[in-house]
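Everything on this sheet refers to the single structure shown next.
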Amino acid sequence: MLNNNNLYDVENLDEQYIRTISKKNKLVNDLIQFVPHPCVILDSDFKIIASNSLFWDFFNISDNNENIRDVLENFLDENQFDIFLNWFSIFFNNSVPIRNILLNGTNNNIDQKVQFSGNMVPIEDSNFLLLTITDLTNSLDETSKLFAGKNESLKEALIFERRKSEFLLNISHDLRTPLNVILGTIQLSELTIKNATEYSVDIMERRIGIIKQNCYRLLKLVNNLIDISRIDVGYKSVEICNFDIVTKIRDIVSSITEYAENKTLSLSFKSDLEEQVIACDTDKIERIMFNLLSNAIKFSNQGGIIEVCITSDKNWVTITVKDNGIGIPKDKIKYIFKRFKQVNDDLSSRSGGSGIGLSLVKSLVEMLKGSISLESTPDVGSTFTVKLPNKKLSAKTSKKNSRIAEATVRSNLERIKIEFSDL
């Protein structure tokens with residue numbers, strides 16, 4: 001039987017124990033205030049033993065809740081809350097726990113992605129769960145954007161590689177076809193020489209013409225490859241001089257009328273301007289116009305109409321090449337000036353082409369500080385519009401550069417044969 005003195009000793013020990021536990025709890029509570037994330041210590045009954053201020057700030061509630069269930073029931077939906085309860089119970093049933101779990105919650109009507117991290121900590125003779133919370137909403141969104149960006153870059157790279165493969169296939173075909181024609185013509189010529197007759201000269205002249213035509217085709221392809229490569233590496237220069245753009249375009253149209261007539265096409269030039277002198281590169285103007293007109297003839301049906309018009313205002317000279325040919329679907333127009341790209345596989349079988357002609361045209365126009373655009377409707381036709389700056393050079397500078405333009409005119413006939421060799 002305990003006497004009064006013994007009872008006093010027991011009560012004294014209980015008070016000392018309670019004070020000791022209180023001091024330890026206060027120490028634990030003070031320590032977790034330094035944790036840089038929302039943090040709470042829980043017992044096996046979900047009771048909150050200690051917490052830092054970040055924990056309550058995160059959920060935007062007061063710190064009078066004593067049970068974590070009350071806090072999370074408003075944050076997690078039913079399914080996510082059940083996942084949390086199962087995860088929580090693992091820590092207290094001697095199983096090997098999963099340290100981290102990612103859950104979706106809603107805080108102030110804002111969706112959040114939250115990582116819960118758990119660690120068992122012994123206090124006195126009991127184990128408690130130290131739970132920390134990390135808001136990953138923004139970081140996961142940024143990661144998703146990063147991966148999305150990388151995925152888009154990879155997709156673009158794969159598309160570009162595919163275009164290069166298509167380009168190599170097209171260019172191999174373009175090289176092989178004229179070479180086969182040349183080789184076959186030479187073989188037939190050899191037989192003609194062995195069995196010469198009075199008609200042999202006429203036959204040989206026709207075959208030489210075939211060989212020459214296919215040599216022009218090869219030369220056009222090689223010229224385009226060289227020019228596009230020079231532009232890429234910055235070796236292609238611009239030689240500017242003042243000249244009458246109206247007369248120049250009219251002469252270009254007149255010089256290729258024969259090719260349009262051979263396909264029973266009507267080719268016309270229209271302009272209300274008698275003269276319009278601008279500072280430009282005559283060589284590049286010819287390359288641009290020959291390419292656009294070659295395409296118009298190539299993709300127009302017999303009996304079609306091709307119109308070339310030129311207008312001007314204070315800032316720009318506008319050249320349009322309009323046809324009523326096969327046209328281009330609207331969803332393909334954005335690819336028309338892309339390198340290595342033909343907008344329709346059917347066009348390859350119909351007319352050949354490596355897919356760099358219009359890309360080269362766009363590069364040449366931009367070198368002249370101009371722009372090019374396209375309007376097109378399938379089975380109605382296409383209109384290419386080239387805009388060039390309406391500017392002039394000083395008389396001294398123009399005279400210095402005029403010799404280059406003259407040299408270009410002298411080689412014009414040969415260039416036409418090259419540019420229109422694939423019609």
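Bear in mind that the values in this text are calculations on the coordinates, not laboratory data. Every value quoted in this text rests on a predicted model; they were computed, and no experiment measured them. Cβ sites come from the backbone with ideal geometry, for glycine too, and all protein chains shown count toward neighbours.
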### Query
Once amide H atoms are placed 1.01 Å from N in the peptide plane, what residues at a sequence separation of 5 or more from LYS392, or on another chain, have their amide H within under 5 Å of its amide H?
ALA279
### Query
Given H placed on each backbone N at 1.01 Å, which residues far from ALA50 in sequence or on other chains put an amide H within less than 5 Å of it?
ILE41
### Message
What are the ³J(HN,Hα) couplings of segment 217-229, residue after residue, when phi is run through the Karplus curve with 6.51, -1.76, 1.60 and θ = phi - 60°? Round to Hz, x for glycine and proline.
### Response
4, 5, 5, 4, 4, 5, 4, 4, 4, 5, 5, 5, 5
## Note on the structure
Residues whose modelled amide H sits under 5 Å from the amide H of PHE128, counting only those 5 or more places away in sequence or on another chain, are VAL121, ILE123
### Task
Starting with the highest mean, order 281-293, 219-231, 262-274 by the number of other Cβ atoms within 10 Å, averaged over the residues of each peptide.
281-293, 219-231, 262-274
### Query
Which entries of LYS338/LYS417; LYS387/LYS417; LYS298/LYS332; LYS298/LYS362; LYS322/LYS362 show an alpha-carbon separation above 22 angstrom in the structure shown?
LYS338/LYS417; LYS387/LYS417
### Query
HN-Hα J couplings of segment 322-327 from phi, Karplus 6.51/-1.76/1.60, θ = phi - 60°, integer Hz, Gly and Pro as x?
10, 9, 10, x, 6, x
